[in-house]
Amino acid sequence: MRVLVADDSGIMRKIIIRSLNACGVRDIVEAADGKQGLEAFNSNPFDIVLTDWNMPEMSGLELLQAIRATGSTVPIIMITTEGEKSSVVQAIQAGVTDYLCKPFEQEDLRDKLEKYVAV
C-alpha cells in the first residue's frame, strides 16, 4: 500500500508516519504542503491520501479539490484541528472520504485505514 502524507508540520508528519509504520505501512511519500502533495499525487499512484487542512502554498482542502478534479476516487482522510461543523461540511462537499481530528490515537488512524484499504 502506498500512502501520501501531506502536512506542513514535520513533527506531525513523523507522528503520522510512525503510526502508519505501526500499522505495517512502509511505502509512504511525504509532502510539506498541498502543492508538493499534488505534484507527488500526479507522479505516483496512491492507495490513500492523508492531508492536513491548514498548509501554506495550497491547503488540504485545495489539494482535495485538485485530486477530485482529476476524477480520482482515491480515499482522502483529512487529519486536522479544523473540527467546526462548517469546515467538516465544506470538506464533505469537496469529496473528502473521512476526517480525523488532531490529536489522534494510533488506533483511530488504524480504524480509518481499515475502512478504506487493506492494512
Ordering of 94-101, 105-112 by packing [mean C-beta count within 10 Å, highest first]: 94-101, 105-112
Which value at 222 nm does the chain reach when only helices count, each DSSP H run of 4 or more adding -39,500 (n - 2.57), with the total divided by all residues and rounded to the nearest 500 deg cm²/dmol? -13500 deg cm²/dmol
Among (1) 24, 18, 16; (2) 29, 18, 16; (3) 18, 16, 14, the entry that matches semi-axes √(5λ) of the Cα gyration tensor in Å as calculated here: (3)
Please list 3J(HN,Hα) in residue order for the range 22-30, calculated via the Karplus relation 6.51 cos²θ - 1.76 cosθ + 1.60 where θ = phi - 60°; whole Hz, with x for glycine and proline. 5, 8, x, 8, 10, 8, 10, 10, 9
Looking at the chain only, what percent of DSSP beta bridges run antiparallel? Nearest 5 please. 0 percent
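Could you grab the relative contact order for the chain? Cα pairs under 8 Å, six or more apart, rounded to a whole percent.
Values: 201 pairs, mean separation 30.0, N = 119.
Across the chain, relative contact order equals 25 percent.
Please work out the FRET efficiency for the pair Glu105 and Ala69, using the Cβ-Cβ distance as r and a Förster radius of 35 Å; give the result to the nearest 0.05.
Numbers: r = 33 Å, r/R0 = 0.93.
That pair, Glu105 with Ala69, gives E of 0.60.
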Two-site label geometry, Asn21 and Glu39: point separation in nm, points 7 Å out along Cα→Cβ: 2.5 nm
Given H placed on each backbone N at 1.01 Å, which residues far from Ile28 in sequence or on other chains put an amide H within less than 5 Å of it? Val3
Interchain or sequence-distant (5+) residues whose placed amide H lies within less than 5 Å of the amide H of Met55 are Gly60
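Can you give the FRET efficiency to the nearest 0.05 for Asp47 and Val89, using r as the Cβ-Cβ distance and R₀ = 22 Å? Show your work: numbers first, answer last.
On the way: r = 26 Å, r/R0 = 1.20.
FRET efficiency, Asp47 to Val89: 0.25.
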Starting from the 7 Å offset along Cα-to-Cβ, what nm value, one decimal, do you get for the label separation of Ser9 and Ala32? 1.7 nm
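Values quoted throughout were computed directly from the atomic coordinates according to the rules given, and no laboratory measurement underlies them. Note that the structure is predicted; figures quoted are calculated from it, not measured. So basically every Cβ, Gly included, is an ideal-geometry build from the backbone, and we count neighbours across all protein chains shown.
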